[in-house]
1. Tell me the label-point distance for the pair Ser212, Asp238, using the 7 Å Cα-to-Cβ offset, in nm and rounded to one decimal.
2. Compute the helix-to-body angle for 300-317: its Cα long axis versus the longest principal axis of the chain, expressed 0 to 90° and rounded to tens.
3. Is segment 297-405 rounded, prolate or oblate when judged by the Cα gyration tensor, a ≥ b ≥ c being the square roots of its eigenvalues, rounded requiring a/c under 1.5 and prolate requiring a/b larger than b/c?
4. Residues of segment 369-405 with amide nitrogen under 17 Å from the 7 Å Cα-to-Cβ point of Glu255?
5. Using the basic label-point model (7 angstrom from Cα toward the beta carbon), what is the Asp114 to Trp22 distance in nanometres?
6. Using every alpha carbon pair in the chain, what percent of pairs falls into each 10 Å bin from 0 up to the bin containing the largest distance?
7. With the Cα gyration tensor of segment 312-374 in hand, convert its eigenvalues to equivalent ellipsoid semi-axes via √(5λ) and list them largest first in whole Å.
8. Toward the positive end of the charge dipole of segment 257-368, about the Cα centre and with charges on Cβ (Lys, Arg +1; Asp, Glu -1), which of Leu278, Gly359, Val263 goes farthest?
Amino acid sequence: MRKKFKEATGNTLAPLRPHLKWLVVGFAIVISFGSILYTNSLVEQIRDREQRQIEIYASSLEFLANESENVNFFLILDEIVAANHSIPVILTDENEEPEDFRNLEKAERYTPGDDRMNFLRSEIQLMKEAHPPIEVTLKDDQDNIYGHKYIFYKNSFLLNQLRYYPYIQLSVIGLFGVVIFMVLNYIKRVEQDRVWVGLAKETAHQLGTPLSSLMAWSEYFKDLYPDQKEALLEFDKDVDRLKVITDRFSSIGSEPQLSLVNVADAIDEIVIYLQKRLSTKINMTVSTFPNREIDGRINPSLFAWVIENLCKNAADAMEGKGSIHISILRANEGRVAVDVQDTGKGIAKAKVKNVFRPGFTTKKRGWGLGLTLAKRIIEQYHQGKIFVKHSEINKGTTFRIYLNG
């Protein structure tokens, strides 16, 4: 006894383990944000240490300047920051005019003069935005203030690198994750393709033997009941139909031959066949715009499979009573649009995105593979597009197919 697929939004022929997948994603996110937080903590610690170094220099400078009139300011600077040659520092007078600097490689490239001074002035403005300047108060022997100096500084190159490192790291991890995701999806699609092809070939093989027997029985009945020509003619049509279905399954996995065909004529043949096999309470109509001369590149057998599938699903949704209207339109860029509209139960908005997934079905019987095959035939074999154009509960559904002209 065969089992049907359960109705679900995530059923596939090769199901993944979503909980494990999301657990790995969550773990990666935690590690990434943990790395960012830890690095930011290090950045804050280094920034505080650099600020303390400059403050120590300023305090020492102020103390020694007030103790001796012949103090060498930058001799002190060299001693204070000797252990760290990466903190950019500019010493200015009370008018914020540069007097000297350290750890500014770009300034070294300028020869002493106006160009270097202009560069240092622009750096001072940038340093102001990064950190407030440290003021050094100069006093004489009588403890009277006779001047000020300012120390401007900014974050070291190492500190800036550390600040952006976690984001670069996160980007690399993200890019690596995207590549892995694409590779896994590709592997999954390849595995699904193998399943589809294997299933189709095996189905065609299994149909071959009883089909041969039916063909032999047809010839036997023609000799035995020569007066039943009409019934035997319908019998032959169904046998021929089984041959077409067998050929369809055999063609899965092979490169289909597309030809320029009048789409209206092809659909008319399909409708004639279906009208005799669907409920007499279902009214099927076809319309074309702007005229019937609308050609599309199709494989007639596989395209008929798609239309039949959509119409049979529509008949099931209408429970054998209603109307199916097929519109054929000339679309933009030389394409052909085919709409299959029914007056059935409709599809809930939450389920529309899942109708083409393998195993999805709303019927009590069925494997949920018809629309999946239809999508494969249209998009992979015909390089077209199929989607739910519109659906409303208790009003009906419209599927749209785009074909190349």
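1. Going from the Ser212 label point to the Asp238 one covers 2.2 nm.
2. For helix 300-317, the angle is close to 90 degrees.
3. prolate
4. Label zone hits: 380-384.
5. Label at Asp114, label at Trp22, 6.8 nm between them.
6. Result, from short to long distances: 4, 15, 18, 13, 8, 6, 8, 10, 8, 5, 3, 1, 0, 0 percent.
7. Result for segment 312-374: semi-axes of 23, 16, 11 Å.
8. Result: Gly359, furthest along the dipole toward the positive end.
A short reminder: the numbers here are calculations on the coordinates, not readings from a lab. Note that the structure is predicted; figures quoted are calculated from it, not measured. As a convention, Cβ positions derive from the backbone with ideal geometry for all residues, glycine included, and neighbour counts pool all protein chains shown.
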